[in-house]
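The values are calculated or read from the model by the stated rules, or taken from the named source; none is laboratory data. This structure is a prediction, so every number in the text was calculated from the model and none was measured. All Cβ positions, even for glycine, are placed from backbone atoms using ideal geometry, and neighbour counts span all protein chains on display. SASA here: full protein model, heavy atoms, side chains in, ligands and nucleic acids out. Shrake-Rupley method; radii C 1.70, N 1.55, O 1.52, S 1.80 Å.
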Amino acid sequence: MSRDTDASSTEPEPGGPVSVVDGTLPPGANHGAAATGRRMALDVHGRLRAMILRGELAPGSVLLQAEMARRLGVSRTPMREAFRLLQEEGLIDARPDQRARVRAVDPEDLDSVYGARIMLETLAVTTTAKRLTGADLDRMSELLERMKAVADDEEKPDEWYAAHHEFHRVTTQAVGAQLQRSLSSLAEHSDRYVRLAQLGVPGSRARAQQEHEALLAALKTNDEAQAARVVALHLARTALSVMADVAPEYEPATTRSALRIAGGGPA
């Protein structure tokens, strides 16, 4: 068999591990072991996902299960499940009899993600604007200061992203749990594109800082319409910047339509 089948190999491992791929247990399997295996698979998935979103595993990179298992110090069983989850999310291609690869940037995916995010986040921001307290606004100011302090520090990129995520979370915190989950999922999916925008556009973080400050100013004055416009333009700028870099021939109709609707003006 070719080595190219590594991504989909299913050979058993010593000790007869419990399969967590389909959630079923073989006869006599221990339920506690299955739960542990599931947790391990989710941990491995999270680690690989972060490496892809941070760009440590670049688009087009070949991923071999055996090699990644050695790199992360785990067995092949959780690695197989992690690969399956990554494929479901669209972050890797792992077809049978082929090596898994980190997916290249898909302009249609980018367009869809940002179109949805513009619509949902402007809705959440306008809903939250009425309920923000002085402590919330102070928290947002603190997060902006933190983002500004580490913006140019190449050794602390994750600190900037953590503050960035928290800032956007506070601005949308008043909506219900279902919408919160959707927003969180879209924001995580957007990480890859935010990082690409910052790599490809010099001064991107400085521009983002200005837009975040404009959003905070609108929220402080209870100007919901202006807050929605700022959010829509802020998100659209990221999407359109990445699109212009990776797929200039693609027309981002969804992002432009969302911007026109949510931003209250022409795209």
(message) Please verify whether GLU121 is in contact (Cβ under 8 Å) with a residue 60 or more places away in the chain, more than 23 Å from ARG256 (Cα to Cα), open to solvent by less than 40 Å² (accessible area, probe 1.4 Å) and touching a Leu at 6+ places or on another chain (Cβ under 9 Å), treating the condition exactly as stated.
(response) no
(request) Could you look through the stretch 185-219, keep only residues that are open to solvent by 60 Å² or more (accessible area, probe 1.4 Å) and closer than 21 Å to ALA50 by Cβ, and pick out the one that is farthest from the chain's Cα centre (by Cα)? (result) LEU199
(message) Please go through (1) without any contact (Cβ under 8 Å) to a residue 60 or more places away in the chain; (2) surrounded by fewer than 19 Cβ atoms within 10 Å (Cβ to Cβ); (3) in contact with a helix residue (DSSP H, G or I) (Cβ under 7 Å, 6 or more places away or on another chain); (4) of a type in the set (Gly, Ala, Ser) for SER182 and return the number of the only condition it doesn't satisfy.
(response) (1)
(message) For the stretch 148-168, give me the residue count where each residue is farther than 22 Å from GLU56 by Cβ, surrounded by fewer than 19 Cβ atoms within 10 Å (Cβ to Cβ) and over 14 Å from the mean Cα position of the chain (by Cα).
(response) 2
(request) Tell me which residues, restricted to the stretch 43-74, are in a loop (DSSP other than H, G, I, E, B), over 16 Å from the mean Cα position of the chain (by Cα), surrounded by fewer than 17 Cβ atoms within 10 Å (Cβ to Cβ) and on the phi < 0 side of the Ramachandran plot. (result) SER61
